[in-house]
Amino acid sequence: MIILLPIAMVIFVLGFMLCYLRRRVLKSKGKESLSNSDAPNLQVFSFADIVVATNNFSIENKLGEGGYGPVYKGELSNGQEIAVKRLSKTSKQGLEEYKNEVMLTAKLQHVNLVRLLGFCTQREEKMLIYEYMRNKSLDFYLFDLDRRLLLDWKKRVQIIEGVTQGLLYLQEYSGLTILHRNLKASNILLDNEMKPKISDLGMARIFEKDECETNTRRIVGTYGYVPPECVKKSVFSIKSDVYSFGVLLLQIISGKKNTLYGSNRNLSLLEDAYELWKDGKGMEFMDPSLDDAFSSCKLMTCMQVALLCIQERPADRPSMLEVCSMLKNETSAFAMPKRPAFSINRDEDEEKNPTLQLAVCSNDATVSQILPR
């Protein structure tokens, strides 16, 4: 009897520990998955259905690949075309971004936002299922010498206005204050009529009503679109998206990436735009592939608005509400833009802070950097 009691106690303790560990594992797995109750407006797709829809993720169905992972075209059994974002196991954008994109996108409905249809978290797979955008992304056309000819001035104005409305919805009219944090040409998708839709909310952040800006140890975004306060001070706000919008607007006007170019002046796209505008030569900044069917007044308005958006101090930049108003009122007098960010004392700034040159020299790499404190 004396021997049986300790044995019983050991069995009891071991049983308790096994139950505790099992509950911890189940709880951990629960955090790594999503259910229909997390996003009741979205469809939960089975892994088997997605395998069939994408022809087992065949290379022929692959549309491209980003920081999240590969994207595949698919077709459901009812004939509906879909785009499937499949989280790569080696992706730097992991579970947090996946859940953020599902939970946030499920709350949003706007004609200029790509619609999330559902998700799949079966097995170890994590996938997002979006409406399929037949005309791919803006950068596919804008930065290609031949395909950019399909983007006449009328279509470019339509894209500018659509992106403006999409950002305005995120910041003002969605019922939330949402900062996208990765606005760029490759995240502007185009539908059958070449109308724009903003995609990729994996890095987005919701601001509280009384929150103007916040500090972060993690710089996210894409080189060339990240504003100076994020790089220098790790501070971001809704004016950060305004800066990215200004860069995008200059790219749409010029057809150029935000990289250092020009053998003589060695200016960035932002500096070149400012210098030409300041000297009254703004028309020289226009994409030469554009025909004569454009409004010079509209073009100069877009250019001035873009320059206001890329000013160094966030407080000097307009809100998206003001941007929308300015783009509609071409004849109104606007403020005079100050010299854009990253254009003052270039050599001195780059020597002191090498990160600055990264922020202007590459459009293709997505930043997800942890800063030391």
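Every number in this text was worked out from the coordinates using simple rules, so none of it is lab data. On a predicted model such as this, the values are computed, not experimentally measured, just so you know. Here Cβ is always computed from backbone atoms with ideal geometry, including for glycine, and neighbour counts include all displayed protein chains.
Which order results if Thr301, Thr90, Thr54 are arranged by neighbouring Cβ count within 10 Å, fewest first? Provide the component values of the computation, followed by the final result.
Values: Thr301 19, Thr90 6, Thr54 22.
In increasing order of surrounding Cβ atoms, one gets Thr90, Thr301, Thr54.
Quick one: grab the alpha carbon gyration tensor of the range 83-208, order the square roots of its eigenvalues as a ≥ b ≥ c, and give me rounded if a/c is under 1.5, else prolate or oblate depending on whether a/b is larger than b/c. Could the numbers behind the result be given before it?
Details: a/c = 2.09, a/b = 1.38, b/c = 1.52.
Verdict is oblate for the range 83-208.
Taking 0.36 nm per residue of separation and subtracting the current Cα-Cα distance, fully stretching the chain between Asp152 and Glu96 would add 16.2 nm.
Taking the highest mean first, how do the peptides 199-205, 137-143, 161-167 order by number of other beta carbon atoms within 10 angstrom per residue?
Details: 199-205: 24.0, 137-143: 19.7, 161-167: 21.6.
Top of the packing list down: 199-205, 161-167, 137-143.
Near Ile50, once Lys and Arg are set to +1 and Asp and Glu to -1 for all other residues with Cβ below 13 Å from its Cβ, the sum equals +2. Residue order for Leu250, Leu76, fewest other beta carbons within 10 angstrom first, comes to Leu76, Leu250.
Identify the residues of the range 238-257 with backbone N under 20 Å of a label point that sits 7 angstrom from the Cα of Glu161 along the Cα-to-Cβ direction, or state none. Only 245-246, 248-254 pass the distance filter. Placing a label point 7 Å from the Cα of Asn192 along the Cα-to-Cβ direction, the residues of the range 51-93 with a backbone N closer than 13 Å are 80-81. With the Cα gyration tensor of the range 119-179 giving a ≥ b ≥ c as the square roots of its eigenvalues, does the rule (a/c under 1.5 for rounded; else a/b larger than b/c for prolate; else oblate) give rounded, prolate or oblate? Oblate, because a/c is 1.5 or more while a/b does not exceed b/c. For the range 49-158, the residue among Thr90, Gln158, Tyr141 whose Cα projects farthest onto the positive side of the dipole built from Cβ charges is Gln158.
Shape class of the range 70-130 from the Cα gyration tensor (axes a ≥ b ≥ c, square roots of the eigenvalues): oblate, since a/c reaches 1.5 or more and a/b does not exceed b/c.
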